[in-house]
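The values are calculated or read from the model by the stated rules, or taken from the named source; none is laboratory data. All figures in this text were calculated on a predicted structure; none of them were measured in a lab. When we count neighbours, we look across all protein chains shown, and the Cβ atoms used for this are built from the backbone with ideal geometry, even at glycine. Just the protein is used for accessible areas: all its heavy atoms, side chains included, with ligands, DNA and RNA removed. Shrake-Rupley method; radii C 1.70, N 1.55, O 1.52, S 1.80 Å.
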Amino acid sequence: MASPTGRAGGKGGGRRSPSLAQLRAFTAVAEHLHFRDAAAAIGMSQPALSGAVSALEEILGVTLLERTTRKVLLSPAGERLAVRARAVLAEVGALMEEAEAVCAPFTGALRLGVIPTVAPYLLPTVLRLVHDRYPDLDLQVHEEQTASLLEGLTAGRLDLLLLAVPLGVPGVLELPLFDEDFVLVTPLGHGLGGREGIPREALRELRLLLLDEGHCLRDQALDICREAGRADAPVTTTAAGLSTLVQLVAGGLGVTLLPRTAVKVETTRSDQLLTGYFANPAPTRRIALAMRSGAARSTEYQELAEALRGALRPLPVRVLDAKA
């Protein structure tokens, strides 16, 4: 029972906290002003509801209800505290709804990092897939070079990456999507322009134009040249992006390597270009999603990877099995 001073009792003057059940019981009575109706409204027995309200009065140290043989009235304190109790229950409800939203798959924000040599060619497919299949997902795209993306992933700034692999980074799990061939882009009149079955060894003598340092595609191109037996670094002119690189080729400054997904976009901008194809096995790169090992949303990311594999099949790539 409430003490004469209006304070809750207890050793050391400590207060207990009301339970949600007690608050629900009180707000139901405050709304209906009838114990039987209030109990029915919240699915509680009438004795249990009465006991919950009495316990709340004891905890708070105030009289909330004025009981008579015919009706129930709110005391002045009950009028004030009913407003607070409703607000507490509303906030708890909002908390539960937010938790459900967080737990619901493919909702909320997903911060996707993409390398520049992938973004212009795959994002249309990615965005269309997300729009059609995951309309409640708030996809946020960040285009950065590989080193910056990995830093962002490990630091928690980014959730998922779309980039070339292998990465070989501890704590980062790769979800392979596809392999794609590189093709040789040349200016008009070049001896290898438009040819098929070009041997890799042809790269030993070519004036190859590459991206600036920091782009993984540059490193891949140099690796291909080394595999072809070229010892020197064939770099005299570089560019910040593939569009500029291709325009340099159109201007006759040399040749370059493009991934197949970039060919349609980049080579149709000029009529001064030809495309050559390497003999099998052609030089390739692998594109994957990458996430933190043990990520809370790993099941979602794996499902997204599988959906992407299906959406990417119309592109000139070799889609991989999830176990690749």
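Report, by residue number, each residue of the range 82-91 that is open to solvent by 30 Å² or more (accessible area, probe 1.4 Å) and closer than 18 Å to residue 35 by Cα.
If the condition is that a residue be open to solvent by 30 Å² or more (accessible area, probe 1.4 Å) and closer than 18 Å to residue 35 by Cα, then 86 is the only one that fits.
Filter the range 140-173 down to residues that are open to solvent by 40 Å² or more (accessible area, probe 1.4 Å) and among the aliphatic types (A, V, I, L, M), then give me how many there are.
Residues in the range 140-173 being open to solvent by 40 Å² or more (accessible area, probe 1.4 Å) and among the aliphatic types (A, V, I, L, M): 5 in total.
Residue 105 - would you say it is open to solvent by 60 Å² or more (accessible area, probe 1.4 Å) and either free of Cβ contacts under 8 Å to residues at least 60 places away in the same chain or within 22 Å of residue 292 (Cα to Cα) (or both)?
yes
Looking at the range 221-241 only, could you name the residues that are part of a helix (DSSP H, G or I), open to solvent by less than 30 Å² (accessible area, probe 1.4 Å) and either in contact with a helix residue (DSSP H, G or I) (Cβ under 8 Å, 6 or more places away or on another chain) or touching a residue at least 40 places away in the same chain (Cβ under 8 Å) (or both)?
Within the range 221-241, 224, 225 meet the criteria.
Would the range 174-183 turn up any residue that is farther than 18 Å from residue 221 by Cα and open to solvent by 70 Å² or more (accessible area, probe 1.4 Å)?
No, that holds for no residue.
So which residues in the range 99-133 are at pLDDT 95 or above and aromatic (Phe, Trp, Tyr)?
If the condition is that a residue be at pLDDT 95 or above and aromatic (Phe, Trp, Tyr), then 121 is the only one that fits.
So for the range 249-260 (the condition being touching a Lys or Arg at 6+ places or on another chain (Cβ under 8 Å) and of a type in the set (S, T, N, Q)), does at least one residue qualify?
no
Of everything in the range 200-216 that's open to solvent by 10 Å² or more (accessible area, probe 1.4 Å) and touching a residue at least 60 places away in the same chain (Cβ under 8 Å), which residue is farthest from residue 258 (Cα to Cα)?
214
Which pairs do you get when a residue that is of a type outside the set (Lys, Arg), found in the range 145-159, comes within reach of a residue that is open to solvent by 30 Å² or more (accessible area, probe 1.4 Å) and in a helix (DSSP H, G or I), reach meaning Cβ atoms under 7 angstrom, with the pair 6+ apart or on two chains?
From the range 145-159, no pairs qualify.
Can you give me the number of residues within the range 259-294 that are part of a strand (DSSP E or B) and either within 21 Å of residue 309 (Cα to Cα) or basic (Lys, Arg) (or both)?
The qualifying residues number 10.
Considering the range 34-64 alone, what residues qualify as being closer than 17 Å to residue 76 by Cα and open to solvent by less than 70 Å² (accessible area, probe 1.4 Å)?
Across the range 34-64, the qualifying residues are 53, 54, 56, 57, 60, 61, 62, 64.
Could we say that residue 218 is part of a loop (DSSP other than H, G, I, E, B) and more than 20 Å from residue 279 (Cβ to Cβ) here?
Criteria not met by residue 218.
Scan the range 62-94 residue by residue and report those that are within 15 Å of residue 50 (Cβ to Cβ) and polar (S, T, N, Q).
63, 68, 69
So which residues in the range 242-260 are surrounded by 23 or more Cβ atoms within 10 Å (Cβ to Cβ) and of a type outside the set (A, V, I, L, M), if there are any at all?
Of everything in the range 242-260, those that are surrounded by 23 or more Cβ atoms within 10 Å (Cβ to Cβ) and of a type outside the set (A, V, I, L, M) turn out to be 256, 259.
Does residue 318 count as in contact with a strand residue (DSSP E or B) (Cβ under 6 Å, 6 or more places away or on another chain), open to solvent by 50 Å² or more (accessible area, probe 1.4 Å), free of Cβ contacts under 8 Å to residues at least 12 places away in the same chain and farther than 21 Å from residue 189 by Cα?
no
Identify the single condition in (1) surrounded by fewer than 19 Cβ atoms within 10 Å (Cβ to Cβ); (2) in contact (Cβ under 8 Å) with a residue 12 or more places away in the chain that residue 304 does not satisfy, given that it satisfies every other one.
Result: residue 304 fails condition (1) only.
Among (1) over 39 Å from the mean Cα position of the chain (by Cα); (2) open to solvent by 60 Å² or more (accessible area, probe 1.4 Å), where does residue 28 come up short?
Only one criterion in (1) over 39 Å from the mean Cα position of the chain (by Cα); (2) open to solvent by 60 Å² or more (accessible area, probe 1.4 Å) is unmet by residue 28, namely (2).
Taking the condition at pLDDT below 90, open to solvent by 10 Å² or more (accessible area, probe 1.4 Å) and farther than 30 Å from residue 100 by Cβ, does residue 195 pass?
no
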